[in-house]
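**Student:** Let me begin by handing over the structure; questions about it come next.
The values are calculated or read from the model by the stated rules, or taken from the named source; none is laboratory data. All of these numbers come straight from a predicted model, not from anything done at the bench. With ideal geometry, Cβ positions are generated from the backbone for all residues, glycine too; neighbour counts draw on all protein chains shown. Keep in mind that these areas ignore ligands, DNA and RNA; they rest on the heavy atoms of the full protein, side chains included. Shrake-Rupley method; radii C 1.70, N 1.55, O 1.52, S 1.80 Å.
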Amino acid sequence: MSEIVTVSLAERSYPIHIGPGLLARAGDLLKPLAKGPLPVVTDSHVGEFHLAALLETLGRAGLDARPIVLEPGEGSKSFAGLESLTTELLHTGVDRGGLIVAFGGGVIGDLTGFAAGVLKRGVAFAQIPTTLLAQVDSSVGGKTAINTPAGKNLVGLFHQPRIVIADTAVLTSLPRRELLAGYAEVVKYAGYGDAAFFDWLEANGAKALGGDSNTMVRAVALSCRMKAEVVARDEHETGDRALLNLGHTFGHALEAATGYSDRLLHGEGVAIGMALAFRLSVKLGLCSGQDAERFIRHMTSVGLPTDIAAISGPRPEPKPLLEHMAHDKKAREGRIVFVLLRGIGKGFVTADVPLDAVRDVLA
Ligand SMILES: NC(=O)c1ccc[n+]([C@@H]2O[C@H](COP(=O)([O-])OP(=O)(O)OC[C@H]3O[C@@H](n4cnc5c(N)ncnc54)[C@H](O)[C@@H]3O)[C@@H](O)[C@H]2O)c1
């Protein structure tokens with residue numbers, strides 16, 4: 001089973017192909033878009049498992065693939081990483097009429113998308129996401145960025161891919177912890193915007209995570225459909241694209257407080273952040289306790305953390321967490337922006353939240 005979801009952005013619209021085994025069709029799918037040398041940017045983990053298969057299909061389609069294999073990890077998403085990648089891209093001879101392929105998780109997608117966006121003032125790029133997080137979130141919507149010492153994703157641009165090819169079979173080599181972290185972003189869509197999707201996840205989420213291919217394709221497609229809808233309405237996040245940040249205000253602060261280390265993956269921070277957003281919504285009388293419990297119970301049932309106490313090592317304290325939140329790039333005039341909930345599927349964006357209540361849920 002495979003599905004196609006379209007991101008509708010007039011002449012910049014693009015398809016997201018989702019299904020098992022799509023890597024084998026990547027050559028045919030990319031051929032109409034690629035001219036000249038075709039840089040394929042990946043990291044060594046993805047490279048070890050899947051690069052040979054991708055190069056084989058590209059070669060069969062007559063494409064001149066030029067693999068560039070980076071070190072795995074956030075470290076590549078830096079000015080130094082950008083300098084070295086753009087230098088390597090220039091060496092391939094790719095020009096403005098060409099195409100660059102990002103083949104990996106969110107790190108490879110964000111860095112390669114940014115490099116493509118600035119190289120020769122903009123080269124087209126394709127996303128072949130290989131983590132669940134990248135398939136349901138980072139490869140769709142055109143946000144690209146690198147990290148700086150002042151914070152994550154602070155330097156970047158909007159650059160939409162020409163095509164996204166999400167082969168759900170490549171997820172079988174992904175470590176379980178990474179798969180679960182990506183699932184937090186799936187739950188996020190249901191949480192802010194679709195109670196029926198949440199019902200479906202309660203019935204099917206564990207099955208998808210357990211390796212059932214059709215169920216995983218459905219989960220990825222439903223997530224991409226929701227992301228595509230928001231991006232089509234608000235490409236540059238001046239309005240309700242901010243709903244996608246459910247759990248992220250808390251999550252980013254927790255990631256910062258744990259030093260962006262492997263104590264807490266991004267998706268794990270989002271899972272705890274969503275639990276905190278529900279608890280805060282209950283505290284403010286916006287959401288029923290039953291909805292919050294039900295939402296949190298589903299995350300716990302699949303193995304996601306839902307409490308700050310679940311983070312290994314010293315517990316992040318409310319004061320520094322609040323300071324991180326106040327410095328979040330989404331804060332408006334010093335006021336922290338949250339996505340809160342009036343129930344499951346009923347998220348809204350607000351900067352009008354009493355800090356005492358936030359401090360209480362963090363304590
Ligand atoms: N642009 C956006 O809209 C957006 C949205 C969410 C997150 N992000 C960014 O995404 C990044 C996180 O992405 P991620 O979670 O995919 O992390 P990642 O790219 O670091 O991948 C996680 C790990 O899994 C490995 N890996 C990837 N695919 C694999 C596979 N199929 N088999 C085995 N190993 C594999 C990678 O080498 C890495 O070690 C962060 O930098 C975050 O800021 C961007």
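**Student:** Suppose we keep just the alpha-carbon trace of the range 50-177; what are its Rg and Dmax in angstrom?
**Tutor:** 13.9, 45
**Student:** Just in the range 95-127: which trypsin sites (Lys or Arg not before Pro) are loop by DSSP and have at most 14 other Cβ atoms within 10 Å?
**Tutor:** Working: sites: R96, K120, R121; in loops: R96.
For trypsin sites (Lys or Arg not before Pro) across the range 95-127 that sit outside H, G, I, E and B with at most 14 neighbouring Cβ atoms in 10 Å, the list reads R96.
**Student:** Taking only C-alpha pairs under 8 Å that are 6+ residues apart, what is the relative contact order of the range 214-363 in percent? The partial results should precede the final answer.
**Tutor:** Working: 202 pairs, mean separation 37.2, N = 150.
Computed over the range 214-363, the figure is 25 percent.
**Student:** What percentages make up the Cα-Cα pair-distance distribution of the chain when the bins are 10 Å wide from 0?
**Tutor:** 5, 26, 34, 24, 9, 2, 0
**Student:** Please list, by residue number, everything in the range 328-363 whose backbone N is under 11 Å from a paramagnetic label point 7 Å out along Cα→Cβ of L322.
**Tutor:** The answer is 354-363.
**Student:** Any idea how far the Cα center of the range 159-174 sits from the one of the range 248-294, in Å?
**Tutor:** Cα centroid of the range 159-174 versus Cα centroid of the range 248-294: 27 Å apart.
**Student:** Any idea what the relative contact order of the range 251-333 is, in percent, if you count C-alpha pairs under 8 Å spaced at least 6 apart?
**Tutor:** Details: 74 pairs, mean separation 30.6, N = 83.
Relative contact order, the range 251-333: 37 percent.
**Student:** Let me ask something else about it. Points 7 angstrom from Cα along the Cβ direction at D356 and R332: gap in nanometres?
**Tutor:** Here the modelled spin labels are 2.4 nm apart.
**Student:** A further question on this structure: How much of the DSSP beta bridge set in the range 1-87 is antiparallel, as a percent to the nearest 5?
**Tutor:** Numbers: 5 of 12 bridges.
In the range 1-87, approximately 40 percent of DSSP beta bridges are antiparallel ones.
**Student:** Still on this structure: By the scheme Lys and Arg +1, Asp and Glu -1, what is the net charge of all other residues having a beta-carbon under 13 Å from that of L89? If you can, show how the numbers build up before the last one.
**Tutor:** Values: positive: R66, R96, K120; negative: E83, E88, D95.
Taking every Cβ under 13 Å from that of L89, the sum is 0.
**Student:** Mind checking which of T92, L157, V187 is farthest towards the positive end of the chain's charge dipole, using Cβ charges of +1 (Lys, Arg) and -1 (Asp, Glu) about the Cα centre?
**Tutor:** L157
**Student:** Same structure, new question: Share of antiparallel DSSP beta bridges in the chain, in percent to the nearest 5?
**Tutor:** Antiparallel bridges make up about 40 percent of those DSSP assigns within the chain.
**Student:** Next up: Taking 45 Å as R0, compute the FRET efficiency from the Cβ-Cβ separation of M1 and E83 and round it to 0.05.
**Tutor:** Numbers: r = 42 Å, r/R0 = 0.94.
Given R0 = 45 Å and the Cβ-Cβ separation, E is 0.60.
**Student:** Follow-up. Using the Karplus equation 6.51 cos²θ - 1.76 cosθ + 1.60 (θ = phi - 60°), what ³J(HN,Hα) coupling, rounded to whole Hz, does each residue of the range 43-49 give in order, writing x for Gly and Pro?
**Tutor:** Ordered by residue, 3J(HN,Hα) equals 10, 5, 5, 5, x, 4, 7 Hz.
**Student:** Further question on the same structure: Over the heavy atoms of K319, what accessible area does a 1.4 Å probe trace out, to the nearest 10 Å²?
**Tutor:** Looks like 140 Å² after rounding.
**Student:** In terms of modelled amide H atoms, which long-range or inter-chain residues lie less than 5 Å from the amide H of R66?
**Tutor:** Result for R66 returns L38, V40.
**Student:** Something else now. Could you go through the range 179-195 in sequence order and give the Karplus-derived ³J(HN,Hα) for each residue, using 6.51 cos²θ - 1.76 cosθ + 1.60 with θ = phi - 60°, rounded to whole Hz, and x for Gly and Pro?
**Tutor:** For the range 179-195, the Karplus-derived couplings read 4, 4, 4, x, 5, 4, 6, 5, 4, 4, 4, 4, x, 7, x, 7, 5 Hz, x marking Gly and Pro.
**Student:** Based on the Kirkwood radius over alpha-carbon pairs, what is the Stokes-Einstein translational diffusion coefficient of the range 169-273 at 10 °C with 1.306 mPa s viscosity, in µm²/s? Spell out each step's value before the answer.
**Tutor:** Working: Rh = 14.5 Å.
For the chosen part, D equals 110 µm²/s.
**Student:** With a 1.4 Å probe and every protein chain kept in, tell me what percent of the accessible surface of the chain is carbon plus sulfur.
**Tutor:** In the chain, the share of accessible area belonging to carbon and sulfur is 53 percent.
**Student:** Measure nothing but the geometry: give the 0 to 90° angle between the long axis through the Cα atoms of 289-302 and the longest principal axis through the Cα atoms of the chain, rounded to 10°.
**Tutor:** With rounding to tens, the tilt is 40 degrees.
**Student:** So if the hydrodynamic radius of the range 208-363 is defined as the Kirkwood radius over C-alpha pairs, what does Stokes-Einstein give as its diffusion coefficient at 37 °C and 0.692 mPa s, in µm² per second?
**Tutor:** Values: Rh = 16.3 Å.
In µm²/s, the coefficient is 202.
**Student:** Here's a follow-up. Around G193, with a cut-off of 15 angstrom between Cβ atoms, what is the net charge of the other residues, counting Lys and Arg +1 and Asp and Glu -1? Don't jump to the answer; show the numbers that get you there.
**Tutor:** Details: positive: K188, R225, K227, R233, R241, R342, K346; negative: D137, E185, D194, D199, E229, D234, D240, D291.
Here the count lands on -1.
**Student:** Calculate the all-directions average of the projected area of the range 1-66's alpha-carbon convex hull, and give it in nm². Numbers along the way, then the final one.
**Tutor:** On the way: hull surface 21.1 nm².
One quarter of the hull surface, i.e. the mean projection, equals 5.3 nm².
**Student:** Right, something else. Which shape class, rounded, prolate or oblate, goes with the range 296-363 when its Cα gyration tensor gives a ≥ b ≥ c as root eigenvalues, a/c under 1.5 marks rounded, and past that a/b bigger than b/c marks prolate?
**Tutor:** oblate
**Student:** Relative to the longest principal Cα axis of the chain, at what angle does helix 248-257 sit, 0 to 90 degrees, rounded to 10?
**Tutor:** 80
**Student:** Okay, next question. For the range 109-122, what does the Karplus curve 6.51 cos²θ - 1.76 cosθ + 1.60, with θ = phi - 60°, yield as ³J(HN,Hα) per residue in whole Hz, taken in order and with x for Gly and Pro?
**Tutor:** x, 5, 5, 5, x, 5, 4, 4, x, 9, 5, 6, 6, x
**Student:** If you don't mind, there's one more thing I want to ask. I'd like the accessible area for I344: 1.4 Å probe, protein heavy atoms, all chains in place, Å² to the nearest 10.
**Tutor:** Approximately 10 Å² for this residue.
**Student:** Let me ask something else. Above 21 Å lies some portion of the pair distances; for the range 221-291, what is it as a whole percent of all C-alpha pairs? Present the calculation step by step, with values, prior to reporting the outcome.
**Tutor:** Working: 1044 of 2485 pairs.
Summing the P(r) tail past 21 Å for the range 221-291 gives 42 percent.
**Student:** Between the range 179-200 and the range 308-363, what's the alpha-carbon centroid distance in Å?
**Tutor:** 20
**Student:** Compute the length gained on full extension between A52 and E293: take 0.36 nm times their separation in residues and subtract their Cα-Cα distance, giving the result in nm to one decimal. Before the final figure, lay out the partial values.
**Tutor:** Details: separation 241, 0.36 × 241 = 86.76 nm, distance 4.53 nm.
82.2 nm is the gain from fully extending A52 to E293.
**Student:** Using only the alpha-carbon atoms, how far is helix 213-233 inclined from the longest principal axis of the chain? Give it as 0 to 90 degrees, nearest 10.
**Tutor:** For helix 213-233, the angle is close to 80 degrees.
**Student:** Based on the Cβ-Cβ distance of A150 and K207, what FRET efficiency does E = 1/(1 + (r/R0)^6) give at R0 = 51 Å, to the nearest 0.05? Spell out each step's value before the answer.
**Tutor:** On the way: r = 42 Å, r/R0 = 0.82.
Taking R0 as 51 Å, the efficiency between A150 and K207 is 0.75.
**Student:** What number, in percent, do you get for the relative contact order of the chain if the mean sequence gap of Cα pairs under 8 Å and at least 6 apart is divided by its residue count?
**Tutor:** Relative contact order comes out at 15 percent.
**Student:** Hey, which of these cross-link pairs are over 28 Å Cα-Cα: K227/K330; K283/K330; K120/K152; K188/K319; K188/K329; K143/K207? Working shown, then result.
**Tutor:** Details: K227/K330 19 Å; K283/K330 23 Å; K120/K152 25 Å; K188/K319 26 Å; K188/K329 20 Å; K143/K207 30 Å.
Violating the 28 Å limit, Cα to Cα: K143/K207.
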